[in-house]
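Have a look at the structure below, then the notes.
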Amino acid sequence: MTDSVLLVIDAQQSFYQRGYAESAYAPAFEQALNQLITGCQQKNVPIVDVFHIEYDGPFSLDSGLVRRLPFLQHRAALSVQKRVHNALTDSGLHQWLQQQGIRHVIISGIRSEQCCETTARVASDLGYQVSYITEATMTFPMQHKGITLNEDEIKHRTECMLINRFAAIRSVEQCLQELS
């Protein structure tokens, strides 16, 4: 058994309501995430699906959209739900990771700068070694004060905030090599 785990954060159909299907970045994200999942399965690294839920809208359980994106076919060791931006504080995941002897979390999923980055920060604060796999995360353009950041800019900003403080930034290939 490994002391690593792959977190697949918020890779859920709720994001169809926020432009997922129209994003030019979706195919590369899907390919990278599938490659990461396959590699982790081959190395017996457990996979945890994390779903964001809200009381109403496309992230509510009643919407029918709080389920994996269709391209995901893996078998999860655990599925959890969260109502906050990180996967560890209200989902029971932190306790499960401790029970399993997990010391290393691998971050992937949707909203690079939100739930993925926040989970990386909290995991680091809780003492986990964190690998952040940027190419296996996805985001959408954001605007503030008349300035729009595109997906690449947001991902670069996220890497700058995490590297050497909260997480090791890795490609899918680098992550899988380190698991060997």
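The values are calculated or read from the model by the stated rules, or taken from the named source; none is laboratory data. Small disclaimer: the values here were computed from a predicted structure and weren't measured. For neighbour counting, all protein chains shown are included, and Cβ atoms are generated from backbone atoms with ideal geometry for every residue, glycine included. Each accessible area value is taken on the protein alone, full model and side chains, heavy atoms only, with ligands, DNA and RNA left out. Shrake-Rupley method; radii C 1.70, N 1.55, O 1.52, S 1.80 Å.
Distant-in-sequence amide contacts of residue 132, defined by a placed amide H-H separation under 5 Å and a gap of 5 or more residues or a different chain, comprise 107, 168, 169, 170. Computed from these coordinates, which is Rg and Dmax of the Cα atoms in Å: [x] 16.5, 50; [y] 15.2, 50; [z] 17.7, 57? Computed from the coordinates, Rg and Dmax of the Cα atoms in Å corresponds to [y]. Each of the peptides 79-91, 162-174, 111-123 was scored by the mean count of other Cβ atoms within 10 Å over its residues; in descending order, highest first, they stand as 111-123, 79-91, 162-174.
Taking the range 117-148 and a reference point 7 angstrom along Cα→Cβ of residue 28, the backbone N atoms nearer than 20 Å belong to 117, 132-143, 148. When the alpha-carbon atoms of the range 114-180 are used, the pair Rg, Dmax equals 12.9, 46 angstrom.
What a 1.4 Å probe finds exposed on the chain is 47% carbon and sulfur by accessible area, rounded to a whole percent.
Working from label points 7 Å from Cα in the Cα-to-Cβ sense, the residue 99 to residue 55 distance is 2.9 nm. Here the peptides 26-34, 60-68 are ranked by packing, the mean other Cβ count within 10 Å, and the order with the highest first is 26-34, 60-68.
Average accessible surface for the chain: 49 Å² per residue, computed with a 1.4 Å probe over protein heavy atoms with every protein chain in place. Taking 22 Å as the straight-line reach from the Cα of residue 145, the lysines in range (excluding those fewer than 8 positions away in the same chain) are 155. Placing a label point 7 Å from the Cα of residue 3 along the Cα-to-Cβ line, the residues of the range 18-46 whose backbone N sits under 18 Å from it are 44-46.
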